[in-house]
Amino acid sequence: MPTAVEELPRTSTASSVVLDGHSLKIEDLAAIARDRHAIEVHPDAVARIDKCRALLERKIRAREVMYGVNTGIGELSEVILTPEQAEKFQKYLLYSHAAGCGEPCAEEDVRAGMISRLNTHCWGHSGIRNEIVQTQIAMLNKGVTPVVCQKGSVGACGDLSPMSQMALTLMGEGEVFYEGRRLPAKQGMRETGIPTIVFRERDGLATINGSDLTTGIGCLELFDATRWLKTQEVVLAMTLESLNANMMAYHPRIHATRGYPGSQECAENIRRLTEGSELLNLPGKKVQDAYSLRSSPQVVGAAKEAFKWARYMLEIELNHAADNPTFFPDDDLVLTGANFQGTPMAFALELVGMSVTTVAALSERRLNRLMNPHLSMGLPAFLTRGAGMFSGLMLSQYTAGALICENRVLSHPAATGSIPAAADQEDFVSMGMTTAIKTRQIIENAWTVVAIELMAAAQAFDLRAPVRPSPASQAAYDVVRQYVSRLDEDRPLYEDINTLTRIAKEGTILHAAEEVAGRLN
């Protein structure tokens with residue numbers, strides 16, 4: 001995962017995103033977390049937060065026993081705290097739970113987790129004081145980001161370790177990133193004029209008691225994976241043209257017959273991307289191409305369907321309440337349960353990682369066909385005219401193969417790996433944060449695989465000249481050649497690969513192709 005210190009400070013110039021607990025989309029979260037769009041809480045949500053807190057205050061005065069308010073937590077939930085202890089308990093709760101390790105999370109990931117948690121509070125079921133919510137809003141809007149270790153969450157009772165480290169900063173403890181600097185939290189809050197707070201009953205637990213860092217990171221990952229999948233389709237179109245593929249496999253009636261929307265969407269995208277290609281009119285087509293060319297709509301389409309389900313799961317989590325206990329002020333009711341459980345997000349992100357790994361493996365197989373003179377429909381070995389003296393792009397496939405192997409290892413599910421905690425009171429946990437960490441690495445690797453196929457397809461276009469590709473593929477090719485020159489003689493390729501990976505991740509390739517073919521499905 002990228003670390004926060006690699007990011008440049010950004011300030012918001014956009015209108016505010018209003019959090020109401022119900023309507024936050026993944027794209028909104030990405031705009032706030034990455035582009036520093038400002039946020040505010042809807043007045044109705046503020047009223048719900050205050051109403052719920054009033055219920056909690058009444059019950060505290062009545063000395064009602066409530067989990068995590070005037071009791072210990074986990075295995076210690078049967079320990080009843082005195083009023084004096086309850087006032088101090090929230091601070092000690094955060095101290096004890098801030099027990100993570102490793103490098104800091106990226107600023108955007110921490111911001112995403114904070115946004116997810118704030119939208120939960122907007123439901124008015126948390127019992128938190130509005131003062132805590134507004135402090136976090138100010139931190140997000142002014143670019144004060146808690147330093148949070150990547151590892152330590154088991155994804156049940158929430159992402160307790162990282163969320164506790166985040167919560168410490170509200171008290172002026174721990175560290176923050178601000179304007180590219182890593183500072184003591186007290187200094188960062190003072191420089192931005194944000195008052196620190198003192199946690200009271202329930203405040204600390206309400207701030208940390210959900211799998212919100214997993215959710216926030218997962219939303220950013222799905223945002224990136226969706227862009228990656230569309231970029232894969234652009235490169236797929238280029239490779240199909242380079243290999244003079246039989247496009248009968250992309251006929252709309254084939255995919256309508258089977259019925260999967262994702263497959264139909266992919267096939268339509270490819271037809272639009274390849275429209276007007278001279279390369280696909282060359283003689284010598286095969287009656288049937290290999291699966292890596294012919295099955296791409298079915299495989300990419302399955303990933304599209306998987307991403308739709310992942311979005312469904314993540315946006316439910318973003319827009320509902322996840323707390324324990326859960327307060328219902330209209331009914332004077334407090335219920336304990338397990339809405340902090342991270343399994344829904346873990347399953348969604350396992351599927352995203354598995355899907356990306358599978359589609360990237362297909363990309364590597366197409367790359368192999370471009371390199372292999374027995375399979376490349378007349379292209380020279382390893383896409384060089386000097387094979388023997390030169391090795392061309394041979395070793396770039398090695399890199400792609402290594403990344404595919406790593407992704408297959410990373411695709412082993414963490415979500416099945418529960419290890420009991422808290423003296424077996426928390427005897428099943430989701431390991432959702434582990435899933436999020438490895439899914440991020442899968443996507444990072446997959447961007448490089450797509451960049452390598454992109455470099456090979458562009459080289460193939462050069463070798464097919466003067467026969468021209470489609471206008472959309474030509475647009476993508478032109479972007480490649482702005483950054484990476486044609487390979488006439490062997491040279492070190494690592495800079496080319498890293499550069500194209502960066503350009504692809506930024507969306508430049510996809511944007512160029514969509515400017516011609518229209519927005520892809």
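The values are calculated or read from the model by the stated rules, or taken from the named source; none is laboratory data. Because the structure is a prediction, the values reported are computed rather than measured. Glycine gets a Cβ as well: all are built from the backbone with ideal geometry, and neighbour counts include every protein chain shown. What goes into the accessible areas is simple: the full protein's heavy atoms, side chains included, and nothing from ligands, DNA or RNA. Shrake-Rupley method; radii C 1.70, N 1.55, O 1.52, S 1.80 Å.
Before moving on, here are some points about what is shown:
- Among residues of the stretch 419-434, those that are over 20 Å from V409 (Cβ atoms) and part of a helix (DSSP H, G or I), counted: 3
- Residue match in the stretch 244-257 (condition: basic (K, R) and either under 25 Å from R369 (Cα atoms) or part of a helix (DSSP H, G or I) (or both)): yes
- Of all residues in the stretch 65-89, those that are under 17 Å from G158 (Cβ atoms) and in contact with a helix residue (DSSP H, G or I) (Cβ under 6 Å, 6 or more places away or on another chain) total 3.
- When residues of the stretch 101-147 are limited to those that are surrounded by fewer than 24 Cβ atoms within 10 Å (Cβ to Cβ) and at positive phi, the one modelled with the lowest pLDDT: G102
- Candidates in the stretch 279-302 are the residues that are over 20 Å from K230 (Cα atoms) and outside any loop (DSSP other than H, G, I, E, B); of these, the one that is most open to solvent (accessible area, probe 1.4 Å) is N281.
- Looking only at residues of the stretch 72-100 that are open to solvent by 40 Å² or more (accessible area, probe 1.4 Å) and of a type in the set (S, T, Y), we find that the one that is farthest from the chain's Cα centre (by Cα) is T82.
- Only listed residue being part of a helix (DSSP H, G or I) and within 30 Å of V69 (Cβ to Cβ), chosen from E268, E317, E350, E305: E317
- Near pairs, Cβ below 8 angstrom, 6+ apart or cross-chain, from the stretch 431-450 (closer than 15 Å to F347 by Cα) to any residue that is open to solvent by 10 Å² or more (accessible area, probe 1.4 Å) and in a helix (DSSP H, G or I): G432/T343; T435/E350; K438/L410; T439/E350; T439/L410
- Selection within the stretch 114-154 - out of contact with any Lys or Arg (no Cβ under 9 Å at 6 or more places or on another chain), farther than 12 Å from A167 by Cα and outside any helix (DSSP H, G or I): V144, C149, Q150, K151, G152, S153, V154
- Of all residues in the stretch 192-222 being assigned to a helix (DSSP H, G or I) and hydroxyl-bearing (S, T, Y), the one that is farthest from the chain's Cα centre (by Cα): T192
- When I316 is tested against (1) at pLDDT below 95; (2) open to solvent by 60 Å² or more (accessible area, probe 1.4 Å), just one condition goes unmet, and that condition is (1).
- Restricting G276, G262 to those that are not in a helix (DSSP H, G or I) and not hydroxyl-bearing (S, T, Y) reduces the list to G276.
- T145 meets each of the listed conditions (1) in contact with a Phe, Trp or Tyr (Cβ under 6 Å, 6 or more places away or on another chain); (2) without any contact (Cβ under 8 Å) to a residue 40 or more places away in the chain apart from (2).
- Qualifying residue in the stretch 73-84 (condition: outside any loop (DSSP other than H, G, I, E, B), aliphatic (A, V, I, L, M) and modelled with pLDDT under 90): yes
- Helices (runs of 4 or more DSSP H) (entirely within the stretch 454-518) containing at least 3 residues that are free of Cβ contacts under 8 Å to residues at least 40 places away in the same chain, at positive phi and exposed (fewer than 15 other Cβ atoms within 10 Å of the Cβ): none
- Breaking point among (1) buried (at least 23 other Cβ atoms within 10 Å of the Cβ); (2) β-branched (V, I, T); (3) closer than 28 Å to G204 by Cα, for V352: (3)
- Residue match in the stretch 426-444 (condition: of a type in the set (S, T, N, Q), open to solvent by less than 20 Å² (accessible area, probe 1.4 Å), modelled with pLDDT under 95 and out of contact with any Cys (no Cβ under 7 Å at 6 or more places or on another chain)): yes
- Check on E201, closer than 24 Å to A321 by Cβ and modelled with pLDDT under 95: yes
- Test: residue in the stretch 57-72 that is under 19 Å from K142 (Cα atoms), touching a Pro at 6+ places or on another chain (Cβ under 8 Å) and part of a loop (DSSP other than H, G, I, E, B): no
- Flag: H412 matches the condition of being more than 16 Å from L293 (Cα to Cα) and not in a helix (DSSP H, G or I).
- Of all the listed residues (T239, T196), the sole one being hydroxyl-bearing (S, T, Y) and open to solvent by 10 Å² or more (accessible area, probe 1.4 Å) is T196.
Conditions (1) open to solvent by less than 20 Å² (accessible area, probe 1.4 Å); (2) closer than 29 Å to P325 by Cα; (3) modelled with pLDDT of 95 or more, marked per residue:
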| position | (1), (2), (3) |
| --- | --- |
| V154 | no, yes, no |
| G158 | yes, yes, no |
| T169 | yes, yes, yes |
| E173 | no, yes, yes |
| L183 | yes, no, yes |
| K186 | no, no, yes |
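- Which listed residue is modelled with pLDDT under 95, small (G, A, S), within 30 Å of V154 (Cα to Cα) and open to solvent by 10 Å² or more (accessible area, probe 1.4 Å), from A421, A387, A381, A402: A421
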